[in-house]
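Q: This is the structure, below, for whatever I ask next.
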Amino acid sequence: MLTTPTKEIPVAVVATEKKKAPVYTAPTKAPVKQSILLGFGGFLSKLPQIQHNFSPEPREYTIQREARRNAVKTSFIHGWTGYKTYAMGHDELKPLTNRPSDPFGGWGATMIDSLSTLLIMELNDEYARIMPRISKINFKVDEDISVFESIIRYLGGFMSAYELGERKQDSLLQKAEKLAIELLPAFDTPSGLPHHLWNPVQNKPNNRETLIAEVGTVQLEFMMLSQLTGNPIYGQKAQAITDFLDNMGYEHGLYIKGLYPTAMDTHQGRFKNAISSFGAMGDSAFEYFLKEYILMDGRVPQYARMYIQSINSMKKHMLRQVPGYDLLLLPPYDTQHMQHRNSMDHLTCFVPGMLAMGSVTLNEPEDMEIAKGLLETCVFMYRTTETGLSPETWSIPKTVPYNPLTYNKTKTQLAKLRDWWYNDELINPLLVQPKNGSETVREETKETEYSTKYQLPPVKQRPDSLYFGDKRYLLRPETVESLFIMYRITGDQKYQEYGWEIYESIEKWCKTKSAYASIRNVERKREDGDEEDEEFNQIDSMETFLFAETFKYLYLLFSPPDVISLDKFIFNTEAHPFLRKQWNWDRIFKK
Ligand code: DMJ
């Protein structure tokens, strides 16, 4: 039932399935349409299977799931129509005033960031209508361009659409390469670390400061570009950065192995601060160590080593637990003074998905437990607010360092464990089944149990010390990204239900007449009489990642599990899926 590409694809090759493929039984007996969205049946990965083996769905469950999937698609179309009507070809639509804005070079960021979602949602006519615009994009603009954003949104968008479009649209690959050629001079620094901003006309940088997230998030895209074009230069630039990071030491301002601080100097090739973060300014650098390893199908052990080093240091130094709760906190950390912060941001909520994927790929079972605890925290931040939407940042000052021996145990349970230590007469309390009501013990992941009447537990009381910093919701994807990945790995329906609640809140609070808006204050209630005023709490901003990521991950959460399977695709940090394939490393690097 899996697709054979219509054009020959050189290095995505052969062989039979190693393990049992994830099972999805189509609701009707009609033959399943062949589709690139199911990946290539011939790809034989050397890595462990990532996705859960899903059992066949009962019919009523399929009906509900499909209804939810269609609802998400309808929402995407609503926003897309607004963008098309008022801002087509511009970077963004302002969803309240219906005016365009161009923060990303004016090359049509929403349009390009939406390409892979259009194909995944099978909105092929919309996709085809964009194609004539592609060749007209002119990258020679006299303004400062973000190298990072151009790579993840544009380059990632072009290449993913090229593959999902079965490599029929050469203009997509040509544009990807043209853009990369414009950006290459930004990598000509003494360290090889790219500039943060680059002016393609002046051919010069804005300054020499950059971020670890920016230098560590070019690898997937540049490796892919070398693979697709056969030109090794892009992959070589990316690998040089990875090698540079791998060889950094104390003399560069690295205080703890694997915990790269956020600020960097491209000229000196050293860190400018000591704060390490898995959220803003750090995030995707860590994400890409693991994803490079998976993209290269485990052929480069360096990537796994660097990932494991970062995660081990993160668990040892940064991770915090909230006594009496199953919540985990991952705040930034001062690696020089060994001091933790109390806050966490929404951006950090991609970490549960990354840890879950790393756990199955690299056989790190503890990381799955941490992933679940962090995801509970991220979901809690949605479920506990008036709008059902998460704030941008939150703080929990009363935490203790993560300890797998005490995490997720109540005070009473810990006291019983100590009693047992002193009293030979007692039975080990961990062998005693917890009674109903021992609120913080999480259930084990169950076999797929499809239910149309699934009831999520009521949201727990907030920890005493919790407070929100930035109360905006910016349509960010990270929590639904982790829900999607966790669902595909565990098969636990709970993650779909959490995602559905979030979707309903987006519909309720963010929808505007033309599209979707960010939210000013997730805690703000509607006042009496406000009922008709939809805009009372909305901000006139709709980032492109709503289309590239938030709606895509929600749509895939409610799709059959073999649609864009994690065993066939790897997502770049902007949720553009790249086909996993066999790589000929020498072909790229020894030309
Ligand atoms: C996206 O542009 C990418 O996911 C990036 O890695 C950081 N976060 C935004 C969305 O929040």
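The values are calculated or read from the model by the stated rules, or taken from the named source; none is laboratory data. Owing to the predicted nature of the structure, the values given are computational and were not obtained by experimental measurement. Ideal geometry is used to build each Cβ from the backbone, glycine not excepted, and the neighbour counts take in all protein chains shown. Side chains included, ligands, DNA and RNA excluded: accessible areas come from the protein's heavy atoms. Shrake-Rupley method; radii C 1.70, N 1.55, O 1.52, S 1.80 Å.
Q: Between beta-carbons, use under 11 Å as the cut-off and find the net charge around residue 239, counting Lys and Arg +1, Asp and Glu -1.
A: -2
Q: Note down the net charge around residue 134, summing +1 for each Lys or Arg and -1 for each Asp or Glu among other residues with Cβ under 14 Å from its Cβ.
A: Residues close to residue 134 contribute a combined charge of +2.
Q: Further question: Work out the charge dipole of the range 307-392 with +1 on the Cβ of Lys and Arg and -1 on the Cβ of Asp and Glu about the Cα centre, then indicate which of 351, 312, 327 is farthest towards its positive end.
A: In the range 307-392, that residue is 312.
Q: What accessible surface, in Å², does a 1.4 Å probe find on residue 340, ignoring ligands, DNA and RNA and rounding to the nearest 10?
A: The accessible area of residue 340 comes to roughly 60 Å².
Q: Near residue 396, within a Cβ-to-Cβ distance under 12 Å, what is the net charge of the other residues, with Lys and Arg +1 and Asp and Glu -1?
A: Spelling it out: positives minus negatives among the neighbours equals +3.
Q: Right, here's the next one. Label points 7 Å out from Cα along the Cβ direction at residue 415 and residue 470: separation in nm?
A: 4.2
Q: If you don't mind, another one. Binning at 10 Å from 0, report for the chain what percent of all alpha-carbon pair distances ends up in each bin.
A: Histogram of Cα-Cα distances, whole percents per bin: 3, 17, 28, 29, 17, 5, 1, 0, 0.
Q: Taking the range 507-587 on its own, what percent of its Cα-Cα pair distances exceed 15 Å?
A: Across the range 507-587, Cα pairs with separations above 15 Å total 69 percent.
Q: Right, next: Tell me, what is the percent relative contact order of the chain, built from C-alpha pairs under 8 Å that lie six or more residues apart?
A: 20
Q: May I ask you to compute the full-extension gain from residue 302 to residue 129, defined as 0.36 nm times their residue separation minus their alpha-carbon distance, rounded to one decimal in nm?
A: This chain segment gains 58.0 nm when fully extended.
Q: Looking only at the range 386-404, which residues have a backbone nitrogen under 14 Å from a spot 7 Å from the Cα of residue 338 in the C-beta direction?
A: The answer is 401.
Q: Can you tell which of 483, 517, 566 lies farthest toward the positive end of the dipole of the range 452-591, using +1 and -1 charges on the Cβ of basic and acidic side chains (Lys, Arg; Asp, Glu)?
A: 566
Q: Please work out the FRET efficiency for the pair residue 81 and residue 44, using the Cβ-Cβ distance as r and a Förster radius of 51 Å; give the result to the nearest 0.05.
A: That pair, residue 81 with residue 44, gives E of 0.75.
Q: Taking H placed 1.01 Å from N in the peptide plane, check which residues at least 5 places from residue 578 or on another chain put their amide H under 5 Å from its amide H.
A: HN-HN under 5 Å from residue 578: 570, 571, 572.
Q: How would 567, 144, 113 rank on accessible area, largest to smallest, probe 1.4 Å?
A: 144, 567, 113
Q: Something else about it: Convex hull volume of the Cα atoms in the range 320-401, per residue, in Å³?
A: Per residue, the Cα convex hull of the range 320-401 comes to 102 Å³.
Q: Mind running the shape call on the range 129-246? Use the C-alpha gyration tensor, a ≥ b ≥ c as the square roots of the eigenvalues: rounded below 1.5 for a/c, prolate if a/b tops b/c, oblate otherwise.
A: Note, shape of the range 129-246 comes out oblate.
Q: Also, I was wondering about something else. Could you tell me how many cubic angstrom of Cα convex hull volume the range 198-335 has per residue?
A: Output value, Cα hull per residue: 126 Å³.
Q: Classify the range 57-142 from the C-alpha gyration tensor, please: rounded if a/c falls under 1.5, else prolate or oblate depending on whether a/b exceeds b/c.
A: prolate
Q: As a test of the formula, what do you get for the chain when each DSSP H run with n ≥ 4 contributes -39,500 (n - 2.57) and the sum is divided by the residue count, at 222 nm and rounded to the nearest 500 deg cm²/dmol?
A: My calculation for the chain gives -11500 deg cm²/dmol from helical runs alone.
Q: Still on this structure, I have one more. Would you please give the residues with an amide H less than 5 Å from that of residue 204, counting only those at least 5 places away or on a separate chain, with H modeled from the backbone geometry?
A: Residues meeting the amide H criterion: 199.
Q: Solvent-accessible area per residue for the chain at a 1.4 Å probe radius, Å²?
A: About 40 Å² of surface per residue is accessible.
Q: Hey, another quick one. Over the Cα atoms of the range 228-270, what Rg and Dmax result, in angstrom?
A: Final numbers for Rg and Dmax: 12.9, 39 Å.
Q: Determine the gain in length on full extension of the stretch residue 251-residue 400; use 0.36 nm per residue of separation and subtract their C-alpha separation, reporting nm with one decimal.
A: Value of the extension gain: 50.5 nm.
Q: Could I ask something else about it? So what is the relative contact order for the range 149-289, in percent, with contacts set as C-alpha pairs under 8 Å and at least six apart?
A: In percent, rounded to a whole number, it is 23.
Q: Another question, if that's okay. When the chain is fully extended, how far beyond the present Cα-Cα distance does residue 184 get from residue 523, taking 0.36 nm per residue of separation?
A: 117.6 nm
Q: Check cross-link reach from residue 272 to the aspartates and glutamates: straight Cα distance under 16 Å, and skip same-chain residues fewer than eight apart.
A: 209, 214, 251, 334
Q: Counting only protein heavy atoms and a 1.4 Å probe, tell me what percentage of the chain's accessible area is made up of carbon and sulfur.
A: 50
Q: Let me ask another. At a threshold of 8 angstrom on Cα-Cα distance, excluding pairs fewer than six apart, so keeping six or more, what relative contact order does the range 311-421 reach in percent?
A: 35
Q: Size of the dipole of the range 218-368 about the Cα centre, Lys and Arg at +1 and Asp and Glu at -1 on the beta carbon, nothing else charged, in debye to 20?
A: 240
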